[in-house]
Each structure stands twice: as structure tokens, then as C-alpha cells.
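First up is the structure itself, then whatever we jot down about it.
Please treat every number below as a calculation from the coordinates, not as lab data. Here the structure is a predicted model, which means the values were calculated and not measured. Methodologically, a virtual Cβ is constructed for each residue, glycine included, from the backbone with ideal geometry; neighbour enumeration extends over all protein chains shown.
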Amino acid sequence: MTNVFIFHGPEEFLRAEALKDLGAKLGDPAVAGMNTTDLDGRKLALPELISAAEAMPFLGERRLVVVNGLLARLEGRAGKVPKADQQFAKDLTAYLSRVAPTTWLVLNEDDTVNDAHPVMQFAHAHDKSVSVKMFGRLGEIDLRKWLGTRAKLHGGSLTPDALDKLATMGDADLRLLDQEVNKLVTFADGRAVTGGDVDRLVHAARSVDVFAMVDALGQRDGRRAIAQFHALIEDGEPPIRLLFMITRQFRMIMQAKDLEERRVPPADRMRALGAARFVVDKVTAQSRQFTRPQLDQIYRRLLEVDQGIKTGQAEPLLAADMLIAEITARSGSHTPGKRVG
């Protein structure tokens, strides 16, 4: 019976939903919470992983252990994997075949993991005990199906023109689209959501505003970036949601930079990023404003700030302001990734 899962791919919302489905199978939410453990794979030692996975469930039949970002760490950078991590990968594959039957162990990865990865090779060779699922960007046909399904899940439906507007609005972020669909269904109050409802309620300028804010970040224009950030806050956007959007934008910028450096054709870039041509062109242009080390540092800090907010160690608005100041600091003062203050 499968009790080890590898969830990977750039569509965070679909991975989160898959994790949510597993968590729901643990039973009563209060008990499920006590039987769920999240681990940071970027700094995890194997004994810590094993200890969490071998612990007995509390008042339930199963435990859920989610390890985030471990496989990316074991893959190394530019094919260079430290010897310690090479040994970690070997020891991990040896352990995966004997994970406690009362535990669901999920290796959760933000990006697509190469099939040449040693843990993926093990998984494919042991597909009866290890389940691998890739969550890629949705093409337009699948996106339309997904939108219809989410509308039904929220208790409503979408007319064809509403579906057209949502599927082609240029923002393929499923988490945010799901929030918009839920808002539209609530507003429609029992009737089908129309294209007019979408025009009235969906903040179409949101993506443009985030693009403009990231442009300001790339140009090291801290004053303009912070002004745009606070304008969106005043427009009703929660800070944590904006940080999520900025993180997603920088993830796309990193992907776009890699695709351009490899001279991938435009049509293939659109498929890889799961975005319309104008979005791909925009993030590609933005990627030229940053070096790869700068992007790595910025993305790492975005993840750190996100974790700090979620754990209550940072106040969202203040953390966002400080982060923008860090990113926009010019050479000679602070560099991205170095905390201000």
C-alpha cells in the first residue's frame, strides 16, 4: 500500500489541495492537527525525518508528515551536489522502503523534479509503494474545466461568457482565481455567474499592478515599489496575499530567465510557464533586470518572510516594507538577502 508520496511541480494550489485531501483522511480535524507534521527540507537531518515518520499516531490510525524542499536541496545547484547530501539521498532512498505503515510521508517540491534525481529513480522503480504526482501549469482547456469544477465546489456555476473572461484574464494563479470564483458565486447568490459579474467584481488591474511593483523592484525604485504596495493594501488586498503574489511573480521570473538562457522558443515558454504570450514577454523582460544570484537571494528571503508571518514571528505589513527595502537597496548599501536594521 502506498504511504510515500512525491508531490512536485509549479502549481502550488493543486499541490496544497492534494495535501488537504490527505489531511482530511486523517479524520477529526482536531486529531488530524496533532497527527500532522511539517518539516523544512532545506535544513533537515535524516534522523529528524525518521523520528517524525516513525512516531505513533495520537488517537488515530495514521500520521501525515510533509517535508518541503528536500529533493531540490539533494539535487544541488548546476549539478553540483555536496557529498553530505549525496549520502543523504542514498540513506533516504534506503529508508523510503521501510517507512512506518501508519505514516503518510509526503516529499513536497515547489518545482518539477528531474527524473534523473536519485530519489525519483527509486520512486519509479518502486511505484507500488511510492506515488509520484506532478502538478504543472494548466493549459487553457484544463483551466476552463478546473474553473467549472471550483464553481460547483463553491455551490454555483459559471455562464460561458464568465468562463471566457476568467480563463483569459491573464492571471493563471489558481489560488487567487479560486478566491475570485468563490467571491463571484457568493455574489450571484444562487444564479449562474455572468460575464458582467466578472467585469464588476474582479479587480482586473491587479496583475498589472503587481507587474508594475516588480518592475519598480527590478529598477531598485524602493519609493515607487512601496507606494504601489500600499496602494494595493488600501484597495483591500491583504499583505500576506500580496507577498504570495510577489513570490509567485519572482518564481516565474526565475523560470523565464532559465528558459531565455536556454533559448527555448516562445511557444514552449508559454507552455512551461502556463501563461499567455504577453505575460511570458513581461516576465522575460523583468528577468533581465536581475542576475541569477540576486534572484536566488530574493526568492530565499521571500520564503523566509512568508514562514515568519505564518509562524507569527513577523508582522505582515512591516515585514513586507522591510523586504521591499532590502530588494531595492542599491549596490554599495545593502544587497538582496541581507536583512536591513
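Can you give the helix-only mean residue ellipticity at 222 nm for the chain, where every DSSP H stretch with n ≥ 4 adds -39500 (n - 2.57) and the sum goes over all residues, rounded to the nearest 500 deg cm²/dmol?
Value at 222 nm, helices only: -18000 deg cm²/dmol.
Given [x] 5, 24, 30, 24, 13, 3, 1, 0; [y] 4, 14, 13, 7, 8, 11, 12, 8, 6, 5, 5, 4, 1, 0, 0; [z] 5, 22, 30, 28, 14, 2, 0 as candidate values of P(r) over Cα pairs in 10 Å bins from 0, in percent, which corresponds to the one derived from the coordinates?
Of the labelled values, this structure produces [z].
Taking one equal scatterer on every alpha-carbon of the stretch 214-277, how large is log10 of I(q)/I(0) by Debye at q = 0.15 1/Å?
These q points yield log10 I(q)/I(0) values of -0.60.
Based on DSSP loop calls and a cut-off of at most 12 other Cβ atoms within 10 Å, the longest stretch of the chain free of exposed trypsin sites (Lys or Arg not before Pro) is what?
Answer from the scan: 26-97.
Two decimals, Cα atoms only, Kirkwood Rh: what is Rg/Rh over the stretch 140-201?
Rg/Rh for the stretch 140-201 comes to 0.90.
Taking the Cα centre of the chain as the origin and placing charges on Cβ (Lys, Arg +1; Asp, Glu -1), which of 84, 72, 6 is farthest toward the positive end of the dipole?
Checked the options; the winner is 84.
Can you list the GluC sites (Glu not before Pro) in the stretch 55-147 that are in a DSSP coil and have 12 or fewer other beta carbons within 10 angstrom?
Hits after loop and neighbour filter: 61.
Pick out which of 116, 32, 72 has the largest mean-square fluctuation in a Gaussian network model of the chain, springs linking Cα atoms closer than 10 Å.
Checking each option, the largest mean-square fluctuation is seen for 116.
What are the semi-axes of the equivalent ellipsoid of the stretch 4-134, taken as the square roots of 5 times the eigenvalues of the Cα gyration tensor, listed largest first and rounded to whole Å?
In descending order, the three semi-axes are 24, 16, 13 Å.
Please find, in a Gaussian network model of the chain (springs between Cα atoms separated by less than 10 Å), the residue of 244, 88, 135 whose mean-square fluctuation is greatest.
88
How would the stretch 58-154 be classified by its alpha-carbon gyration tensor: rounded, prolate or oblate, with rounded meaning a/c under 1.5 and the a/b versus b/c comparison settling the rest?
Because a/c hits 1.5 or more and a/b fails to exceed b/c, the stretch 58-154 counts as oblate.
Which is farthest toward the positive dipole end of the stretch 206-328 among 319, 218, 240, measuring Cα position about the Cα centre, with Cβ charges +1 (Lys, Arg) and -1 (Asp, Glu)?
My answer, from the dipole projection, is 218.
How are the Cα pair distances of the stretch 2-78 distributed, in percent, across 10 Å bins from 0?
With 10 Å bins starting at 0, P(r) equals 17, 47, 31, 5, 0.
Please find, in a Gaussian network model of the chain (springs between Cα atoms separated by less than 10 Å), the residue of 156, 33, 41 whose mean-square fluctuation is greatest.
33
For the stretch 206-328, what is the convex hull volume of the alpha-carbon atoms per residue, in Å³?
95 Å³
Under a cut-off of 27 Å between alpha-carbon atoms, report the lysines in cross-link reach of residue 165, not counting same-chain residues fewer than 8 places apart.
145, 152, 183, 282
Could you work out the relative contact order of the chain, using alpha carbon pairs under 8 angstrom and six or more residues apart, expressed as a whole percent?
15 percent
Between residue 31 and residue 97, what length comes free when the chain is fully extended (0.36 nm per residue of separation minus the Cα-Cα distance, one decimal in nm)?
Roughly 21.1 nm would be gained on extension.
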